1. Name the single residue that is nearest to LYS247 (Cα to Cα) among those in the range 136-162 being among the hydroxyl-bearing types (Ser, Thr, Tyr) and not in a strand (DSSP E or B).
2. Answer with yes or no whether TYR163 is under 35 Å from the mean Cα position of the chain (by Cα), closer than 15 Å to LEU223 by Cα, aromatic (Phe, Trp, Tyr) and buried (at least 17 other Cβ atoms within 10 Å of the Cβ).
3. With respect to VAL185, is the statement that it is surrounded by fewer than 17 Cβ atoms within 10 Å (Cβ to Cβ), touching a strand residue (DSSP E or B) at 6+ places or on another chain (Cβ under 6 Å), over 28 Å from PRO106 (Cα atoms) and not basic (Lys, Arg) true?
4. Identify all residues within the range 231-243 that are surrounded by 18 or more Cβ atoms within 10 Å (Cβ to Cβ) and either β-branched (Val, Ile, Thr) or over 22 Å from THR140 (Cα atoms) (or both); write none if there are none.
5. Out of curiosity, is THR178 in a strand (DSSP E or B), under 20 Å from LEU255 (Cα atoms), polar (S, T, N, Q) and touching a Phe, Trp or Tyr at 6+ places or on another chain (Cβ under 7 Å)?
6. Whether any residue in the range 191-206 is in contact with a Phe, Trp or Tyr (Cβ under 8 Å, 6 or more places away or on another chain) and farther than 14 Å from PRO133 by Cβ is what I want to check.
7. Out of the range 194-221, which residues are touching a residue at least 60 places away in the same chain (Cβ under 8 Å) and surrounded by fewer than 20 Cβ atoms within 10 Å (Cβ to Cβ)?
Amino acid sequence: MAQEKATGRRRSTAPAANARPRTGQPGRRRAAEPARSPLAAAARDLGHKAALTAAVSGMALTVVLPTTAGASGDAVTAAVPSAAVTAAAEVKVDYQRSGLTSDFDPDAKLEQIMVSSGNEVTATSSKGTLSQPMTDMKMTSPFGIRINPVTGAAGEMHTGQDYGAPCGTPVYASAGGTVKSAGWVDMYGNRVVIDHGNGLETTYNHLASVSTRQGAKVERGALVAQSGTTGNSTGCHLHFEVVVEGKMVDPKAWL
């Protein structure tokens, strides 16, 4: 047997390692997957959650997220379309109304127009200066020429405005003043007259009862009587008059 030449190296007995597998295309290695940025992953998850929240609530949502596009921290805006918000018919929705205040003083305005205008007051300036004498105002006969419902006479001047109301309905002062008279007056039945100063008066007629007295000082909205059908009357109602310098005028221009 031929003798092997000594080389100074020992032959390895371990098996050869398997070669690294290649991609399906010969001669190319499989491309390495890019490393995912933790910031980009967080942005993606946040965007998904924002979209889900908007879809549930039915509201439009704009999400501003950081981007990895540049080092300057540019913003990416994702808009979620809005949807109609509905609720079941039985659902109760509560809200608080903001407190509202006003500096309007009807008594001060009333005094001002009476002092400056006197018996030349116009409907434009006087509108709203008197308060309604009853809570529920249902007019049954306006101011002006009419047929007298009691006598049937035609062409009679109706000097006030009638409001239908059950007997006993509270009647209130239309403005502050002094009670000029309170009691029975022939065709008017129980009657209250309030002097508001500067030539202005209001009267309340056909009352079932009177809750004030002559000379009493009353404020706007004070209870002065109850509606009725006393005097020349065909049913329970309030006959309300406005008098300027002794002349009957249309109450509609003042309420």
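1. Among those residues, the one meeting the criterion is THR159.
2. Spelling it out, it is not the case that TYR163 is under 35 Å from the mean Cα position of the chain (by Cα), closer than 15 Å to LEU223 by Cα, aromatic (Phe, Trp, Tyr) and buried (at least 17 other Cβ atoms within 10 Å of the Cβ).
3. In short, yes.
4. VAL242, VAL243
5. The answer is no for THR178.
6. Scanning the range 191-206 turns up no residue that is in contact with a Phe, Trp or Tyr (Cβ under 8 Å, 6 or more places away or on another chain) and farther than 14 Å from PRO133 by Cβ.
7. Start the filter on the range 194-221 by keeping residues that are touching a residue at least 60 places away in the same chain (Cβ under 8 Å), which leaves 196-200, 202, 204, 220-221.
Passing the criteria: GLY197, ASN198, GLY199, ARG220, GLY221.
Readers should treat all values here as calculations from the given coordinates under stated rules, not as data from a laboratory. This is a predicted model, so every value here is computed, not measured. Glycine gets a Cβ as well: all are built from the backbone with ideal geometry, and neighbour counts include every protein chain shown.
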